[in-house]
Amino acid sequence: DAKTTQPPSMDCAEGRAANLPCNHSTISGNEYVYWYRQIHSQGPQYIIHGLKNNETNEMASLIITEDRKSSTLILPHATLRDTAVYYCIVRVYSGNTGKLIFGQGTTLQVKP
Amino acid sequence: NAGVTQTPKFQVLKTGQSMTLQCAQDMNHEYMSWYRQDPGMGLRLIHYSVGAGITDQGEVPNGYNVSRSTTEDFPLRLLSAAPSQTSVYFCASRPGATNTGELFFGEGSRLTVL
């Protein structure tokens, strides 16, 4: 599976949009981009995933560049409860045993 | 709906002791997995299973055994605990191995080996 690169930490003001970048320059055509987050020491929580097109759900938006070598997770109106470690992961969909390999993630600190 | 349930939540062992971390899911998921997370680090995959009777190794399998006799349960065994196995352990499941949806995580089991 392709490797991802994320900044170790970011700050965001409460109420503003948080834009978390992820580089996955070695991504293959059949690999999906996933985002999870982990609040305090809880179990990770799924946020969103996509293949080629931009995706949006009730939690966030995922913007994937046309060449698919990078993506950005957008939290449109960050709140203090969004302070967490955010993980960007790429994963093969078919012909794969389902492994999801986590990196070190980005620690997002939302400030009042 | 309980989701993914891990027991125990906390455990202290002495070096050389054995124990089993339990994981159960009530969502009829085919895929189950175990991760460990050390302080300040991301999650590392230990073992995973794509269905009853099928298991395979992840990134850091040494020192751990697993089995999958039922769809619901995926226990993780430490045969001879070592201080290096002090960590937080997370169990996770997904409907199918090739399913593109989310991975559901338990709340974690915090293990200390003295």
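General observations
- Residues that are facing chain A (nearest Cβ under 10 Å) and within 21 Å of A:Gln42 (Cα to Cα) number at least 3 in the following strands (runs of 3 or more DSSP E) confined to the stretch B:32-113: B:43-51, B:87-94.
- If you go through the stretch B:59-79 and pick out every residue that is of a type in the set (A, V, I, L, M, F, W, C) and open to solvent by 20 Å² or more (accessible area, probe 1.4 Å), you end up with 3.
- So B:Thr55, is it modelled with pLDDT under 95, under 19 Å from B:Phe104 (Cα atoms) and open to solvent by 50 Å² or more (accessible area, probe 1.4 Å): yes
- Where a residue in the stretch A:29-45 is more than 8 Å from chain B (Cβ to nearest Cβ) and its partner, wherever it lies, is among the polar types (S, T, N, Q) and open to solvent by less than 10 Å² (accessible area, probe 1.4 Å), with Cβ under 8 Å and at least six apart: A:Val33/A:Ser71
- In the stretch A:3-46, the residues that are buried (at least 16 other Cβ atoms within 10 Å of the Cβ), out of contact with any Lys or Arg (no Cβ under 9 Å at 6 or more places or on another chain) and among the hydrophobic types (A, V, I, L, M, F, W, C): A:Met10, A:Ala18, A:Leu20, A:Cys22, A:Trp35
The values are calculated or read from the model by the stated rules, or taken from the named source; none is laboratory data. In this text, all values refer to a predicted model and were calculated from it rather than measured experimentally. Reconstructed Cβ throughout: ideal geometry from the backbone, glycine too, with neighbour counts over all protein chains shown. These accessible areas exclude ligands, DNA and RNA; they are computed on the full protein's heavy atoms, side chains included. Shrake-Rupley method; radii C 1.70, N 1.55, O 1.52, S 1.80 Å.
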